[in-house]
Each structure stands twice: as structure tokens, then as C-alpha cells.
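Worksheet: one structure, shown below.
The values are calculated or read from the model by the stated rules, or taken from the named source; none is laboratory data. What you see is a predicted model, and the numbers here were worked out from it, not measured in a lab. No Cβ is skipped: glycine too gets one built from the backbone with ideal geometry, and neighbour counts run over all protein chains shown. The accessibility values were calculated without ligands, DNA or RNA, using every heavy atom of the protein model including side chains. Shrake-Rupley method; radii C 1.70, N 1.55, O 1.52, S 1.80 Å.
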Amino acid sequence: MSKLAPIRDAVMERLPQRHRAEQRFQAYGLTAITLAVLFLTLLVGSILTQSLAAFTAHRLTLPVTLERELVDPRGDGSEASLRRGSYNAALQAALRDQFPTVHGVGELRELFGIYSAINASRLLTDVVNNPDLVGQSVDFEFPISDDADRYLKGASVSERQIDMNASLSIEIAGNVARLEAQEAVLAPFADRLRQVMADRANRYAAAAEAALASARQTIDPDEREILEAEAQRAQMRVQQLNERLRPGADFLLGPREPSLLVRAGDTIVRLTSITSGGREATGEVLLADQAWSGSVTRWSFWEIETPAATRLITDRQMVFVRLLEERGLVRNAFNALLFTNADSREPELAGVRGALIGTILTMVITIFLAVPVGVGAAIYLEEFAPRNRLTRLIEVNINNLAAVPSIVFGLLGLAVFINAFGLPRSTPLLGGMVLALMTLPTVIISSRAALKAVPPSIREAALGVGASRTQAVFHHVLPLAMPGMLTGSIIGLAQALGETAPLLMIGMVAFVADAPNFGFTGFTDPSTVMPVQIFIWSTSAERAFEARTAAAILVLLVLMVLFNAVAIYLRRKYERRW
Amino acid sequence: MTAYEKLQAGASVRQETLYHPVEGSYTTKVATKNVTVHYGDKSALNGVSIEIPACTVTSFIGPSGCGKSTFLRSINRMNDTIDNARVSGSILIDGEEVNDRNVDPVVLRARVGMVFQKPNPFPKTIYENVAYGPRIHGLAADKDQLDAIVETSLRKAGLWDEVADRLDQPGTSLSGGQQQRLVIARAIAVNPEVILMDEPCSALDPIATARIEELIDELRENYTLIIVTHSMAQAARVSQMTAFFHLGSLVEYGPTEEIFTNPRDQRTQDYITGRFG
Ligand SMILES: Nc1ncnc2c1ncn2[C@@H]1O[C@H](COP(=O)(O)OP(=O)(O)OP(=O)(O)O)[C@@H](O)[C@H]1O
Ligand SMILES: [Mg+2]
């Protein structure tokens, strides 16, 4: 007892320290997990919010009259003839019916710019499938252009409408309108815009001053020259702005200023100049009402704060889609095209179907190559191969292969599969083979680890009752190693599922407008895969592809989750057999 | 000749080589000459020569690490599975060289069953554990026969009463002692001629030990048993022959009575009187 006491003291002395160490470690762990959850939430949250816009789209439904002379040029109703029809002309005619006063090449081009002519090809298919439609009027539904869609979603343009109740006369002569109000109703808008322009002028002036000040300080003559030129440019802008802001002068509105639209019924005018009194103005007629009376008391201002120069949709196009929406012809609905279409240059028509099928076909090849070969190699190396120099060499090589950058496997595929074997490029078959090569080392290593983890006593037990080595492995070792092997294989395959780089090398980055056949022949159809599709879209210029990129990422994530769910299910199933 | 036929043939041989107590003569079942085992560079067994009679119980005793398990494993070539183990010398079973190229280790291990030092049931059902051997050797023609083999084996191992109503539960869910009896049942289910038992009672309570010892005594009628044990009392109780190993060598071998009452070697004397080991 007396001997034990000092030992116990030593233990007690160290005890608080040990507790503190434990608490510290727990705090680290908790922090790490909190951070991880936080980042995951942020990631998924941002993808979700960004992708939302891609899951709905504005669709236009037009009554289209399929005139025989348009869609059946030979007049015999044969398929060959129907295929030569100008379906887009039919669509254009239907759209012109909505806005009968629109004429002139420029205005019509703006009108036809709110949808993509590619949509006409679906009309062609409809008619070819059902020639009875010729001569009839059908309701044809198709997506409007991505820019118009983004505008209607309020994503690209900020605007407001202000209803007015004041007497206003509008005189229309050709393209030009003269407006005159009894009160200075236009003044507040002009003043506000003036203020905006004055602010801009002040900013330029300050910039000019700053540039001049730096120019005075610098000793480098070249730099001074540059700075002075900059100051001069800014001063010129100030002068120009001040010229336009001169008191008493008409206030002119250009494409760099917000657009001021006056709307009276279906007559819409964009103001180009406002007199200093704010009572009179001139403007460009964007849309004329057929039954125009000349004078109104109920009208509205439509102020588009985003200047025309900084948006991809013109004032007139905005008028068109807004009016079509008001007439109930444009509806925002679930964007099924995202899942039923393959890639397209037009964002509103682009979908993930091609990439999704490509991914599935590619993964089928990868799974059927990598898993049997990898597991077989692992079983042989771990259970049967003699331990000698050769097997050690192979082992080291496999371990190193797992660390090789994936793009190298793409190069290998390019050199061997395409150039030497002549396999068709850009196909799921080839992609699957390259990804299988990439996945093999992971599968082999994890399978070997799983086999190693099976206690040797199990093998001894089997051999002890007279099982052959093969029987011992397949009856006892393999079932025990199966969950581990599955986990490893799934990790490898999930990696392959998200791989981009090697597939770029074998041409799977090509633009493929047709989804591969979801069947046997699909393996040799040109196609792309989800991660590459994401890559392609993320590098596209159109803003609408941003949302589609996020949506595609979401689809890929769902695919991964599904994949892992299957894996977990399989693992559970095998684990139940312990 | 299928494994089953060989076993059948083996069984008939066994009947002829039975111990005849009346005549007091033994037929040699296992004979080794100069068996040496190396693990890598390290020698674990040097030049063991022994003749083990049929239908008797022979116990191997000796201090820990002296090579008892190693020797036991050489007899059914379990050392083949250890990468760095090398076995030399000659081991004959019924006059047949075990290490011969023509001998299939599968057939050998069906004839020479083994119970390992640590109980190692398969992570499968109790039924599967016992049925596995008979099944792979084709010893049962149908399910009923297999059921019968399983039941007899479990009965012989003294486990039937405890597991009869839960044959479909995992063998690994049994207690340590039950597991040990399960692996004994598994070994005897294949109906081997020789059974090697490496400390079969190390995890058992006295009651279970007594039952196993009873079993060993019963098995002696038809089988040749070699057991490794650390219990002098057990060796004295169950075995007719005893071999004492020390530092990889066979020091003394003879009828159990003689070894325990009149050891010739000082080391044996010291060991059985508990002076070392
Ligand atoms: N797989 C192995 N690799 C290397 N050395 C081994 C191996 N197995 C046993 N040995 C060595 O061989 C010697 C004999 O071991 P063995 O297992 O035969 O002893 P034992 O007599 O059965 O001991 P115990 O009574 O403790 O079971 C020991 O020194 C041991 O360290
Ligand atoms: Mg041992």
C-alpha cells in the first residue's frame, strides 16, 4: 500500500493534463466536422440556387397555320416534299400575326430573335409524322430564347412600370412619335436621369483630377504621358455629359442611359429626347397600336433601368415578350427539355440527356472491365501468386499506377486505342476503356487490402478440413472480403464517374447534338459524359448556360448519390452474410 | 479415384491396423524421420523422428515455443500455407510419403483432420460449419445424410444439446468453449483417419474439458489422435503415448505411464514436475 501511494499520486498529477488533451482533441474534431458541414451546405446551397433557373423555362404557344404552299412545296404531300417545307416561315408568320404592325427588316429581325429557328425542326417532325396537319392550324409550343427567358425571370434586367393618370397626346408619324402632356409629367424622370448623368460626370471629373495629380508626381515621362492621356479622355467625357446636361437644352436619351418607355395600350414609344420643361418629348415607336386614337389619359411609364448597351435583349424584344406574356401565350413551366434534349448551341434547347446516356454507357463498360479484371488480379496476386521478384515488381507498378495523373490515361487511350487499334473516338466504348484503365489500380489495391484483412485463421480452417485453395478463397475468403472490395471498387468507379481530363484527350469533349442510342449500338455512337458536359457548358459564353451548368452538376450529384446508394445496398446485402 | 473413394479405401485400411490390446502390439500410423522445419532462417524444429501408433492417443507436451504446433502442422502439410516455412525430412502416413509430389494436400487433409490452437469457426451458420467439409468432399448423397452427419458430429463433440435449436445462427456467436467444440465437430465430420488437436481444451471449463476428454477416448476406437496439451494431468488421463519436446527437438517419447513415472531424461523430469516451462 505504501509503495502504491506515490504511483497513484503520479497518476493523479497527470490526470487533468490527460483530460485536457482529450477535450482539446474533441474540440478539434468538432470544429473540423462543423466546418465540413458548413462548406457542404454552402456548396449544395449555391448549386441549388444557381440551378433553379434552369429547371423552369418560358415557353411560347402560338397558333401556327401550316399553309400548304409553305410546308408542302411540291404539293403532293409526300414525305420528301414535306421535308423541304419552310416551317420556320410558318412560325414567323404566326408570330407576325401577333404583331401585325411590325414591318421592316430590322424590326422583324428583332421579332424573330425571341426564339431559335431550330424549333421549326420539331414542327417538321410533327408534320412528317402526321401529314394530315398540312393546311390546318395547330397550337405549337416552343421555348423562347434564353435572353428573353432570363428577362422574363427578372434575372437580367431591372425595370418598373408606373401607371399615370394625366392627359397625354401622342402623334405618330412613321417611326417617330411626338408626345405632349398638359403637365410636366416627364420632368421627374428627366431630372432623375439628369442626376444620374451628373453623378457620372462628377466621377469622370474626379478620375481626371486623380490622373493629373499622379502625372505631376511621376518622373517617368512615358507613364506621365499615359496618365495625361487618361485625364484628357475623362475630361472629354465630362464635357460631353455637361453638354447634354446644359440647362434649357433638350434632354437626350441614348443607349447608355436607362430606357424610358411610354405605353398607352399597345402603343409603345421609347423616348429619345425630353424638352427642358418636361412637357414634351419625341421618341421612337417600338410598337404601334392599329386602333390608335391620338390622345389618352391612362397610360404608363415603363422605365428600364438597365441601359440597352448592357443587356442582350433590345427594348423592342422586351416589348414583344412582355406583351406575349400578357396575352397568355408565354408561360413559365418545368423545363423538360433539360432532360429530353441532348446538347445544343442554344441554351434554351440544351439538355443533359446525351451526356446522361453517355455516362451510363461509359460506366457500364468501365464496370464490366475494371471490376472483374481488378478483382481477379487482386485475388490472384493476394491468394495464389508466388512471392517473388516478379510479383513484387508488379505490385510496385500497380501502386504507382494509382498515383498517375488521370490525363495520362487519356493520352494512353489516344495512342493505343485510337491510333493503334483504330477504335472510334468520342464513344462510350473508348471512354469506358480509358476509365477502366484508370480505375483498375484502385480496384486492385483496395481489393487486395480487403483480402488481406480476412484473418488467416479462416483460410487455415478451410484448408484444414480439406478444401482446395480455390475453394478456401471462393467459399470463405471472398465473401468476407466482398464488402471491402465493393467499397474500394465503388470509390474507384465514383472517381471515374466524375472524371473529365482523360476523356478530353479521346475526343469526348466534341459537341454532340444527338443523344447516343440507349442500347447496344450506343456504345459506338459519338457522345459525351456528364462531367465533360459540365465542363463544356461552364466555358460557354451565354449567361443561361450558367444555370444549366449548375443543373448538370446537380444531376451528376444525384447520379453519384444513386450510385453510392446501390453500393451501400450491395454492401449491406453481403455483410448480412458476414 | 475420387476423394470419397480414397477415404473409403482409407477406412478399410484402418480396420486392419487396429490396436489389438490382447496382443499388445501397435500398428504404426504416422512415422516421421528427421523432420526439420525452418521459418525463414530460423529453425523451429530439428530432426524429429517419431512413430505414432494407430488408434491411440498421443500427446505432445513441452514448454511454449518448443515447436509442438509446428510439428503438428507438418503432418497435414499446413505449413505449406506459410510462405517462409520450409519442411525437410520424411513424414509417412500408412507408409505413404506425405510430402510426395503425387500427394494432393486436399486428400491428405481430408484424411488428417486438424483442430487449431485458436478456435476458428467459419463466419457462417453452425450447420454450415460442420457441413462444409462433408459437402466439399461429397460425403453425403443428399440433404438427409448431411443432416445426419452434422448431428452425429455435433453429438460426438458434445455440442448438440446446446445448439440443436439454433443451427442457423452464426458459429462465431458461440462462446469460446462452444466454438472449440464446434471446430472439433467440424474436424470429425469429414471422418478423418488421424485427428490433430492443438490444445483443444485451452478455452474450456473443467466440465467441457471432461466431455472433450471423453470424446477423445471414444474417438480412439476408430481414429488416431495426436493432441498438444499444456496440462500434464490431461496428457496422463487421455493419452497412451507421450512425446516431450524441448527447443525444437524431441527429447523423450514413450508410453505415457513410463514418461510420467520413470522419465529417462532430466529435462523431461524437470518439466513434468513443474520445475521449468
Ligand atoms: N509463422 C511463423 N513464422 C516464424 N516463426 C514462427 C512461426 N510460427 C512459429 N514460429 C516460431 O517457431 C517456434 C515454434 O513455434 P510453435 O508454434 O510450434 O510453438 P508451440 O510449441 O506450439 O508453442 P505454444 O505451446 O506456445 O503453442 C517458435 O519459436 C515460434 O516463434
Ligand atoms: Mg502451439
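With the condition kept exactly as written, say whether any residue in the stretch B:85-104 is over 22 Å from residue B:46 (Cβ atoms) and within 14 Å of another protein chain (Cβ to nearest Cβ). Yes: the stretch B:85-104 contains one or more residues that are over 22 Å from residue B:46 (Cβ atoms) and within 14 Å of another protein chain (Cβ to nearest Cβ).
Going by the conditions given, is residue B:161 of a type in the set (Asp, Glu), closer than 29 Å to residue B:93 by Cα and either in contact (Cβ under 8 Å) with a residue 12 or more places away in the chain or open to solvent by 10 Å² or more (accessible area, probe 1.4 Å) (or both)? Talk me through it step by step, then tell me what you get.
Values: of a type in the set (Asp, Glu): yes; closer than 29 Å to residue B:93 by Cα: no; either in contact (Cβ under 8 Å) with a residue 12 or more places away in the chain or open to solvent by 10 Å² or more (accessible area, probe 1.4 Å) (or both): yes.
No, not satisfied.
Table: residues versus (1) away from ligand 2 (no atom under 16 Å from the Cβ); (2) within 11 Å of chain A (Cβ to nearest Cβ).
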site	(1), (2)
B:141	yes, no
B:146	yes, no
B:157	yes, no
B:168	yes, no
B:174	yes, no
B:178	yes, no
B:196	no, yes
B:201	no, no
B:207	yes, no
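For residue B:227, the conditions (1) within 14 Å of chain A (Cβ to nearest Cβ); (2) within 16 Å of ligand 1 (Cβ to nearest atom) are fulfilled apart from (1).
Selection over the stretch A:105-131 of residues that are open to solvent by 40 Å² or more (accessible area, probe 1.4 Å) and either assigned to a loop (DSSP other than H, G, I, E, B) or of a type in the set (Lys, Arg) (or both) gives a count of 3. Scanning the stretch B:244-265 for residues that are within 16 Å of ligand 1 (Cβ to nearest atom), over 19 Å from the mean Cα position of the chain (by Cα) and closer than 18 Å to residue B:53 by Cβ yields a total of 1. A single member of A:162, A:144 is loosely packed, with under 13 Cβ neighbours inside 10 Å, among the hydrophobic types (A, V, I, L, M, F, W, C) and touching a residue at least 40 places away in the same chain (Cβ under 8 Å), and it is A:162.
The residues of the stretch B:208-226 that are farther than 19 Å from residue B:160 by Cβ and of a type in the set (Val, Ile, Thr), listed by number, are B:224, B:226. For residue B:139, the conditions (1) within 16 Å of ligand 1 (Cβ to nearest atom); (2) hydrophobic (A, V, I, L, M, F, W, C); (3) not in a helix (DSSP H, G or I) are fulfilled apart from (1).
Only one entry in B:71, B:116, B:60 is at the interface with another protein chain (Cβ under 8 Å from one of its Cβ atoms) and within 16 Å of ligand 2 (Cβ to nearest atom), namely B:116.
Note on the stretch A:430-528: enclosed helices (runs of 4 or more DSSP H) holding 1 or more residues that are within 14 Å of another protein chain (Cβ to nearest Cβ) and small (Gly, Ala, Ser) are A:456-464, A:478-497.
Can you find a residue that is of a type in the set (Lys, Arg) and within 14 Å of chain B (Cβ to nearest Cβ) anywhere in the stretch A:546-553? Talk me through it step by step, then tell me what you get.
Going through the stretch A:546-553, the residues of a type in the set (Lys, Arg) turn out to be A:548.
Filter again for within 14 Å of chain B (Cβ to nearest Cβ), leaving none.
Looking for residues that are of a type in the set (Lys, Arg) and within 14 Å of chain B (Cβ to nearest Cβ), one finds none in the stretch A:546-553, hence no.
Within the stretch A:459-481, the residues that satisfy the criterion of being over 53 Å from the mean Cα position of the chain (by Cα) and surrounded by fewer than 18 Cβ atoms within 10 Å (Cβ to Cβ) are A:468, A:469. Residues in the stretch A:419-436 that are touching a residue at least 40 places away in the same chain (Cβ under 8 Å) and either of a type outside the set (Val, Ile, Thr) or surrounded by fewer than 16 Cβ atoms within 10 Å (Cβ to Cβ) (or both): A:424, A:425, A:426, A:428, A:429, A:430, A:431, A:432, A:433, A:435, A:436. Which residues, counting only those in the stretch A:289-331, are surrounded by 17 or more Cβ atoms within 10 Å (Cβ to Cβ), of a type in the set (A, V, I, L, M, F, W, C) and closer than 25 Å to residue A:250 by Cα? Of everything in the stretch A:289-331, those that are surrounded by 17 or more Cβ atoms within 10 Å (Cβ to Cβ), of a type in the set (A, V, I, L, M, F, W, C) and closer than 25 Å to residue A:250 by Cα turn out to be A:296, A:299, A:301, A:302, A:304, A:308. Inside the stretch A:52-83, can you point out the residues that are surrounded by fewer than 14 Cβ atoms within 10 Å (Cβ to Cβ) and free of Cβ contacts under 8 Å to residues at least 24 places away in the same chain? Selection gives A:69, A:74, A:75, A:76, A:78, A:80.
Residues in the stretch B:41-88 that are in a helix (DSSP H, G or I), among the hydroxyl-bearing types (Ser, Thr, Tyr) and open to solvent by 10 Å² or more (accessible area, probe 1.4 Å): B:69, B:70, B:81. Within the stretch B:230-241, the set of residues being in contact with a Ser or Thr (Cβ under 8 Å, 6 or more places away or on another chain) and away from ligand 1 (no atom under 15 Å from the Cβ) comprises B:236, B:238, B:239, B:240, B:241.
Go through the stretch A:238-248 and give me each residue that's open to solvent by 50 Å² or more (accessible area, probe 1.4 Å) and either among the polar types (S, T, N, Q) or modelled with pLDDT of 90 or more (or both). Working first, answer last.
We begin by selecting, within the stretch A:238-248, every residue open to solvent by 50 Å² or more (accessible area, probe 1.4 Å); these are A:239-240, A:242-244, A:246-248.
Answer for the stretch A:238-248, where residues must be open to solvent by 50 Å² or more (accessible area, probe 1.4 Å) and either among the polar types (S, T, N, Q) or modelled with pLDDT of 90 or more (or both): A:239, A:240, A:242.
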